[in-house]
Amino acid sequence: MGEVFWRTVCACLLAQGIVVGCSSGDATVDDSAIIVGKVVDAESLTPLVGAQVRTMPETVVATTNGDGEYVIDANAKLATRYQVLARYEGYEDQTKIITTAVNQENRVDFALTLQRVCSPGTRRCGDDEPERVELCSTRGDAWSVEETCAVGRSCQAASATCVTDRMVTVTRTAEGAVVSSPAGINCPPSCAGEFPDATSISLTAVPFQMSTFAGWSGACAGSGTEPVCSLTLDADVAVGAAFDANAFELTVLRNGQGRVVSEPAGINCGSTCAAFFDRDSTVTLTATPNAGSEFGAWSGDASGCGDTDLTCSIVMSEDRAVGVRFDGISYALSVTRLGSGTGSVVSTPSGINCGADCTESYGQGEDVTLVATPSAGSTFTAWGGDCAGTDPGSDCVLNMSEAKDVTAAFDVERYAATVSVTGSGVVASNPAGINCGSTCNAEFLGGEDVVFTATPGARQVVAAWGGACASAGRASTCTVSVTQAFSVSVSFAPFYEWPLTADARCLLLLHFDQAPPSIANACGGGVAATSSGGFTSVASRTAGLLQAFSAPATGPGHIETARRLLAPSAATIELTIRRSGNGIGGTHGVLYGDKDSTEPDGAGIEIFVADNGGLTAQTFDGAGATTIVSAPAATIAVGTWYQVAASLDGAAFRLMVDGTQVASTPGPVAWVASSSTAWVGAKREGRTGAIFGFNGVIDELRVSDSARY
């Protein structure tokens, strides 16, 4: 069948005047073609230099020379229909159709016209947005939007008005392409496009090499097997294009030393490992091992053939891929390590792992890659023996055509260290070398332990180490054992993004990581607070914490603390919060307070968020006097996390949000310590009732007996 096919090709091409070598066996056909032409200005006939010319099916993109001429001489085939497009900036694209032939010049010339300049008052469809109708300016030098088409409509070029869009959908078999004029469909990959109602379009079927166009279906069924189908769109349409393959490709993948040939001729692998054969023909492959090798196995589309059979028959009902393995003889590979340093040499495929195993045998013709890896404090300096000449920075690749001996030299090494800092702070090293800040690069001896110390800037904390110190977490120091060049990064972050910590000034610190109702005091241990009223646990905002407390939605809930401020000279109250809405049971939601609402002239301190987002703190002296500090509306937005703080001493009463002062009032502050313990999340009423509940989430609370801000 294959011989008949090639004889038919020879006879056909000879009839067209193509000289080919034809015999009773193999046939060699040169079916390549050259497309040439010239691109000029349509009015002046001046050559256009640098114009682009391309084909569909795609071959190459050609560029015109100084005479406006181009040549397409790669991948073009004889007796093939091509759509050729010329393009030049500032000019209209032009497309022509040519079927390449012999004994005549395959020439396609183009005369491109300049893109038109608009006339005052004229209308057009938008160049980039087909849903726009544009109007030319009174000077004729610009277009402006006159109308934007509704959804599902676009501008029709013929009338420059908005009309209904029509969808054209193309399906095709895999052996060809479909393109449209006007542009919009180029299938594959673009197999659907929208065109204005009443648009006349042409669809062109372009078969791929070794295929023919079989016919249209759907809206183009009436065009039969004609390559061009013309439609005038008055509705959405679907079009099918069928292509038939005349031949399929057989590819042989060979592993080892041997040869595979086909009957009929075409495959001779060694050199030629792929060829096309007639559709549904039977191709017989014969495997012949080289001297020193033996046949191993068939695989791929030949996996059904026996492992001892040197022949295998394949039916070409589709593209086929066949694997053939030949097993060869083996040779010894030996590795010797040299030099003052230490390291290992490992092979791919496996076998050599030197240190321990420095000799292995590999199959004849097998490629073996050797990788040298220096130990800590050493560097790899040179390959020798059968790897001599290989760059030390590269792996050594050997083909095992005979026994091989390799040497690998290692020497002691110093390694570069690079430190990067994000945020405000400094990183220094011991032994000295890094002080980053200013000096962020240094070298250290292999095997040396280097200690890095991170010092945060004002109101900063260590957020994270990275690189070689990634496991150090938020510690202030990190130790690196130097075995190679390495990098270290340190991130400093504002303190309010991390958990509040216990220190000597801390009276009460609640992190809410325990399940309600009992909550431990991180400042002093033991149960320091009890929740009441249906608080639920939600995810924490603060890095390193597990959960936060969310207020109930049906009524005020609160957390009653077991600690209170005693000496009213200085204090700081800090909370991390997220507001969900207006206060529960009033015009505001109390965050912290130790003044009982049943004692109008009582003493104490209170912080609350108004329904308009304003933040207020106030103190009471038990005799009717009060000091108030307030931040404006919208300071605390719904749905956003904040760390808020009220800090006071003899000089001032301050409100802070995320470390920034948002309001203050000068001292002295009218304040006397309350005899009651504080409530969190609501205002206490008669020691048991709760009013003015905070509607939101409380992440953590710290109360201190000094001014922290």
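Taken together, the residues in region 639-673 that are under 46 Å from the mean Cα position of the chain (by Cα), assigned to a strand (DSSP E or B) and exposed (fewer than 15 other Cβ atoms within 10 Å of the Cβ) amount to 2. Number of residues in region 469-490 that are surrounded by fewer than 20 Cβ atoms within 10 Å (Cβ to Cβ) and farther than 27 Å from Val412 by Cα: the value is 6. Residues that are in contact with a strand residue (DSSP E or B) (Cβ under 6 Å, 6 or more places away or on another chain), closer than 19 Å to Thr212 by Cβ and among the small types (Gly, Ala, Ser) within region 54-94 comprise just one, Ala76. The residues of region 443-468 that are surrounded by 18 or more Cβ atoms within 10 Å (Cβ to Cβ) and among the aliphatic types (A, V, I, L, M), listed by number, are Val450, Ala454, Val461, Val462, Ala463, Ala468. Can you confirm whether Val168 is closer than 26 Å to Asp244 by Cβ, in contact with a Cys (Cβ under 8 Å, 6 or more places away or on another chain) and not hydroxyl-bearing (Ser, Thr, Tyr)? Judged against the criteria, Val168 is not a match.
Scanning region 252-266 for residues that are more than 21 Å from Ser401 (Cα to Cα) and part of a loop (DSSP other than H, G, I, E, B) yields Pro264, Ala265, Gly266.
Every residue, every condition in (1) of a type in the set (A, V, I, L, M); (2) modelled with pLDDT of 90 or more; (3) surrounded by fewer than 20 Cβ atoms within 10 Å (Cβ to Cβ), yes or no:
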position: Met167; (1), (2), (3): yes, yes, yes
position: Pro182; (1), (2), (3): no, yes, yes
position: Gly218; (1), (2), (3): no, yes, yes
position: Ala245; (1), (2), (3): yes, no, no
position: Arg254; (1), (2), (3): no, yes, yes
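For region 600-612, the condition holds for at least one residue, the condition being that it is of a type outside the set (D, E, K, R), over 50 Å from the mean Cα position of the chain (by Cα), in the same structural domain as Ala522 (by TED's automatic domain parsing) and not in a strand (DSSP E or B).
Can you name every residue in region 191-208 that is surrounded by 14 or more Cβ atoms within 10 Å (Cβ to Cβ) and among the polar types (S, T, N, Q)? Matches in region 191-208: Thr199, Thr204.
Tell me whether region 620-641 contains one or more residues that are under 15 Å from Glu685 (Cβ atoms) and not acidic (Asp, Glu). No; the residues of region 620-641 include none that is under 15 Å from Glu685 (Cβ atoms) and not acidic (Asp, Glu). When we screen Ser347, Ser361, Ser429 for residues that are closer than 28 Å to Gly292 by Cβ and at pLDDT 95 or above, the only hit is Ser347.
Check region 689-709 and report whether any residue there is closer than 24 Å to Ala623 by Cβ, surrounded by fewer than 22 Cβ atoms within 10 Å (Cβ to Cβ) and at pLDDT below 85. Yes, some residue in region 689-709 is closer than 24 Å to Ala623 by Cβ, surrounded by fewer than 22 Cβ atoms within 10 Å (Cβ to Cβ) and at pLDDT below 85. When the strands (runs of 3 or more DSSP E) confined to region 267-331 are screened for residues that are hydroxyl-bearing (Ser, Thr, Tyr), closer than 18 Å to Gly256 by Cα and touching a strand residue (DSSP E or B) at 6+ places or on another chain (Cβ under 6 Å), those reaching at least 2 such residues are found at 282-289, 293-300. Apart from one condition, Phe410 fits all of (1) closer than 16 Å to Gly339 by Cβ; (2) part of a strand (DSSP E or B); (3) out of contact with any Pro (no Cβ under 8 Å at 6 or more places or on another chain); the exception is (3). Filter region 332-369 down to the residues that are assigned to a loop (DSSP other than H, G, I, E, B), touching an Asp or Glu at 6+ places or on another chain (Cβ under 8 Å) and surrounded by fewer than 19 Cβ atoms within 10 Å (Cβ to Cβ) and list them by number. Gly339, Ser340, Pro349, Gly351 - these are the residues of region 332-369 that are assigned to a loop (DSSP other than H, G, I, E, B), touching an Asp or Glu at 6+ places or on another chain (Cβ under 8 Å) and surrounded by fewer than 19 Cβ atoms within 10 Å (Cβ to Cβ). Just so you know, in region 410-420 the residues that are modelled with pLDDT under 95 and surrounded by 16 or more Cβ atoms within 10 Å (Cβ to Cβ) include one that is nearest to Ile352 (Cα to Cα), and it is Phe410.
Within region 168-199, the residues that satisfy the criterion of being hydrophobic (A, V, I, L, M, F, W, C) and either free of Cβ contacts under 8 Å to residues at least 40 places away in the same chain or in a strand (DSSP E or B) (or both) are Val168, Val170, Ala177, Val178, Val179, Ala183, Ile185, Cys187, Cys191, Ala192, Phe195. Those strands (runs of 3 or more DSSP E) of region 54-113 in which 3 or more residues are over 20 Å from Val179 (Cβ atoms) occupy 69-72. On the given criteria, is Arg166 charged (D, E, K, R) and under 39 Å from the mean Cα position of the chain (by Cα)? Taking the combined requirement at face value, the residue satisfies it.
Each row is one residue, and each column tells you yes or no for (1) within 17 Å of Val669 (Cβ to Cβ); (2) in contact (Cβ under 8 Å) with a residue 40 or more places away in the chain.
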site: Asp596; (1), (2): no, yes
site: Val609; (1), (2): no, yes
site: Phe620; (1), (2): yes, yes
site: Thr626; (1), (2): yes, yes
site: Pro632; (1), (2): no, no
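Please find, within region 370-387, the residue that is surrounded by the fewest Cβ atoms within 10 Å (Cβ to Cβ) out of those that are modelled with pLDDT of 95 or more and assigned to a loop (DSSP other than H, G, I, E, B). Checked region 370-387; the qualifying residue surrounded by the fewest Cβ atoms within 10 Å (Cβ to Cβ) is Asp386.
The values are calculated or read from the model by the stated rules, or taken from the named source; none is laboratory data. Small disclaimer: the values here were computed from a predicted structure and weren't measured. Note that we place each Cβ from the backbone using ideal geometry, even for glycine, and neighbour counts take in every protein chain shown.
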